[in-house]
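See below for the structure under consideration.
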Amino acid sequence: MKKYLKLALTVLAAVQILSLCAFSLEQAPVMDEITYSGKALCDYAAVPEKPMITGKYAYCINLDTGTVIYEKNSTDKAYPASTVKLLTALTAYENIPDLDAAVTVSQETVRNASGSNMSLKTGEILTARDLLYGVLVTGANDAASALAEYVSGSVSEFCTLMNQKAEQLGAENSNFENVTGFQSENTYSTARDMAIIARAVYYCDELFDMTNTARYTVEPTNMTNVKRTLLNRNTLISRVRSQSDFYKGAEGMSLGGTPEGGQCAVSSFTTGDNLTYLCVVLGSQETDEKNLACSDISEIFDFCKDNFSLQTVASSGDVVCEIKVTLASDTDHVTLFPAQDIKVLLPNQLEYEKDITVERRVYSESAKAPVYKGDEFGEIVVLYKSDVTVGRTKLISGTSVDRSNLLYFFSRVESFIFSTWFKVFLGAAAVLYVIYLALYFKFSKQNDSRRSGRRKL
């Protein structure tokens, strides 16, 4: 009899343990991922006619918000000419720990030098810094090759690093088999990919400053007693080579052109209200009088400056809503706020009530205490024209809410009582009780029979 009772108690304990384990598990709320449209703002915004440019490919992005303002065939294959040197410089910079390191110019570099160059000599020793300025200020092809050989031993091996860097940045529709941008079927990119590469250069302060340097002096070397003065060939930022291309406010980065690929330009621009745009134009028409890629970029910058501004749609101090809080000791709700200000780049001329929709998306209309200040309970989404997401931020609690231990205890008890495991527990207990009664009556009957037999004797 003791054996059966022990077995019954063991089963009951196991059921209870499983019940408590199940009781402690809670499912976290799941939010559906909402993707951005990826359209350029000028394609759906209420703005004047978008820029008419000669370039076949273009891409302009606002760096403050990540908003794409303008695009034209931005993912189509194009030949980026000397703008390739932005990636050349970036790759070299990241693989040379000391920019004051001495670099010896090889015979191979000198033999293959053509186009824009620094007139480097075989055996000449310069610093990596001087060569980077040569690449980014004057677009020197010999300087680009010298850096490539210094880093990797050969241009082809260095191109492997360039392609790896491009892929790492997300420029996945590009390939580079030279460091200069010379026309080649296997050296190609897109306007969007070049913008991705240029953005990486923009956020590398030292390299970006090089692209924006009007004049740089290379001191005499072991092969020459004459100083070299490098003048920036980017006519968007320098009047030395062209007055007509100069654009006030433009900053860096690169120009280039080939007969097959047309004129190419990459530049950034900061407006008077401190908004920064990055623009790439590839495949513009080539003329003797003017670089039309520069003209295209200037037109796009004018369009950005005249038609868009940063507008605050929601502030972090704005009360968005309240949600119910259970198991709390001193309140029954918590107030939700935007995690940060939502500043959105929008057309200057828009009908706010008609064009802008601010949606609150709450994971659940209630929460269980404890709640901590800053806990996330949803998000605020800003829609332009009802379907284009232009901004978003988290919805967070503005205060903390303590849990009542007494209410928490009773809630656990209540949950356990109405749980499936409790029903299993009761069922198992009932079965074991029936077994116990059956065994009890069986053994009682046997004992009665024995006692009756002894009385007869």
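The listed peptides 393-406, 88-101, ordered by packing as a protection proxy, come out as 88-101, 393-406 (highest mean of other Cβ atoms within 10 Å first).
Exposure proxy for ILE196, ILE356: other Cβ atoms within 10 Å of each Cβ, ordered fewest to most, give ILE356, ILE196.
For segment 315-405, the normalised intensity computed at q = 0.14, 0.19, 0.25 Å⁻¹ comes to -0.54, -0.82, -1.18 (log10 of I(q)/I(0), Debye sum over alpha carbons, equal scatterers, no solvent). Listing VAL281, VAL434, VAL344 from fewest to most neighbouring C-beta atoms within 10 Å gives VAL434, VAL344, VAL281. With Kirkwood radius over Cα pairs in Å in mind, check (i) 22.2; (ii) 27.6; (iii) 23.5 and report the label derived from this structure. Given (i) 22.2; (ii) 27.6; (iii) 23.5, the structure-derived one carries the label (ii).
Are there any trypsin sites (Lys or Arg not before Pro) in segment 227-301 that are in a DSSP loop and have at most 14 other Cβ atoms within 10 Å? List them by number. Numbers along the way, then the final one.
On the way: sites: LYS227, ARG228, ARG233, ARG239, ARG241, LYS248, LYS290; in loops: LYS227, ARG233, ARG239, ARG241, LYS248, LYS290.
Taking segment 227-301 and a limit of 14 other Cβ atoms within 10 Å, the loop trypsin sites (Lys or Arg not before Pro) found are LYS227, ARG239, ARG241, LYS248.
The C-alpha atoms of the chain define a longest principal axis, and helix 85-94 lies at about 60 degrees to it.
Restricting to segment 315-405, compute how many DSSP beta bridges are antiparallel as a %, nearest 5. Show your work: numbers first, answer last.
Details: 24 of 27 bridges.
Taking every DSSP beta bridge with both residues in segment 315-405, the antiparallel ones total about 90 percent.
Find the relative contact order for segment 138-266 and round it to a whole percent, using C-alpha pairs within less than 8 Å whose residues are 6+ positions apart. After rounding, I find 17 percent.
Assuming R0 = 56 Å, can you tell me the calculated FRET efficiency for the pair ASP302 and LYS373, based on Cβ-Cβ distance, to the nearest 0.05?
After rounding, the FRET efficiency stands at 0.75.
According to the Kirkwood relation over distinct C-alpha pairs, the hydrodynamic radius of segment 60-199 is 15.3 Å. Rounded to the nearest 0.05, the FRET efficiency derived from the C-beta distance between ASP76 and GLU351 at R0 = 45 Å is 0.85.
For the chain, give the magnitude of the charge dipole about the Cα centre (Cβ charges: +1 Lys/Arg, -1 Asp/Glu; no others), in debye to the nearest 20. Provide the component values of the computation, followed by the final result.
Details: 44 positive and 54 negative charges, 853 e Å.
Dipole size: approximately 4100 debye.
Would you work out the relative contact order for the chain, in percent, from Cα pairs under 8 angstrom that are 6 or more residues apart?
Details: 887 pairs, mean separation 70.5, N = 457.
Relative contact order, the chain: 15 percent.
Given segment 228-348, report the % of alpha carbon pairs whose separation exceeds 24 Å.
Pairs farther apart than 24 Å: 49 percent.
Taking the fewest neighbouring Cβ atoms within 10 Å as the starting point, the ordered list for PHE443, PHE377 is PHE443, PHE377.
FRET efficiency for LEU383 and ALA339, Cβ-Cβ distance as r, R0 = 25 Å, nearest 0.05? Could you put the intermediate results ahead of the total?
Numbers: r = 18 Å, r/R0 = 0.73.
Using R0 = 25 Å, I get an efficiency of 0.85.
For PHE443 and PHE409 in the same chain, what is the full-extension length gain: residue separation times 0.36 nm, less their Cα-Cα distance, in nm? Please report the intermediate quantities before stating the final value.
Numbers: separation 34, 0.36 × 34 = 12.24 nm, distance 4.23 nm.
Length gained between PHE443 and PHE409: 8.0 nm.
All of the numbers you see were taken from the coordinates with simple rules; none came from a lab. Treat the numbers as computed from the prediction; the structure is a model and nothing was measured. Please note: Cβ atoms are built from the backbone with ideal geometry, for glycine as well, and neighbour counts cover all protein chains shown.
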